[in-house]
Amino acid sequence: MPAVTSIKLDDALKGRIQQLAQTRRRTSHWIMREAIAQYVEREEKCESFRQDTLNAWDEFQATGLHATADQVEKWLASWGSDNESRAPECHK
């Protein structure tokens, strides 16, 4: 069973939520729950990306392996063409 949580909103924001709920034929509760769920999902993805970036930086510092921006740009430019190339090899 879901836990009950309260939140304090100023009158202006509460009114906007109520107006949107009425327009969308949803409850204010649904609008707020959906907004929170979307925010949390977006922030979790951002945090995952940040962690992936830090891990990649640590790996680069440990190994020195990399691909240059020119190599990656050339590879990306080939996407969708008849001559699509493979990802560049990492090197020191």
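The values are calculated or read from the model by the stated rules, or taken from the named source; none is laboratory data. Everything quoted here is computed from the prediction, not taken from an experiment. As a convention, Cβ positions derive from the backbone with ideal geometry for all residues, glycine included, and neighbour counts pool all protein chains shown. When the accessible area is computed, the model is the full protein with side chains, heavy atoms only, and any ligands, DNA or RNA have been set aside. Shrake-Rupley method; radii C 1.70, N 1.55, O 1.52, S 1.80 Å.
Some observations on this one:
- 3J(HN,Hα) along region 8-19: 9, 10, 6, 4, 5, 5, 4, x, 4, 5, 4, 5 Hz, from the Karplus curve 6.51 cos²θ - 1.76 cosθ + 1.60 with θ = phi - 60°, whole Hz, x for Gly and Pro.
- Value in Å of the Kirkwood radius, where region 1-84 supplies the Cα pairs that are averaged: 17.7
- The residues of the chain expose, per residue, 93 Å² of accessible area to a 1.4 Å probe.
- Hits among aspartates and glutamates - C-alpha to C-alpha of Lys74 under 17 Å, sequence gap 8 or more where chains match: Asp82, Glu84, Glu89
- Report summary: the helix-based calculation at 222 nm, which adds -39500 (n - 2.57) for every DSSP H run with n ≥ 4 and divides by the residues of the chain, gives -22000 deg cm²/dmol.
- For Lys14, the aspartates and glutamates whose Cα comes closer than 20 Å to its Cα, not counting residues fewer than 8 places off in the same chain, are Glu34.
- Per-residue ³J(HN,Hα) for region 49-66, Karplus 6.51 cos²θ - 1.76 cosθ + 1.60, θ = phi - 60°, Hz, x for Gly and Pro: 4, 4, 5, 4, 5, 5, 5, 5, 5, 4, 5, 4, 4, 6, 10, x, 6, 7
- In this simple spin-label approximation, Ala67 and Gln51 carry label points 7 Å from Cα along the Cα→Cβ vector, and these lie 2.5 nm apart.
- Only protein atoms count toward the accessible area here, which uses a 1.4 Å probe; on the chain, the carbon and sulfur part of that area reaches 55 percent.
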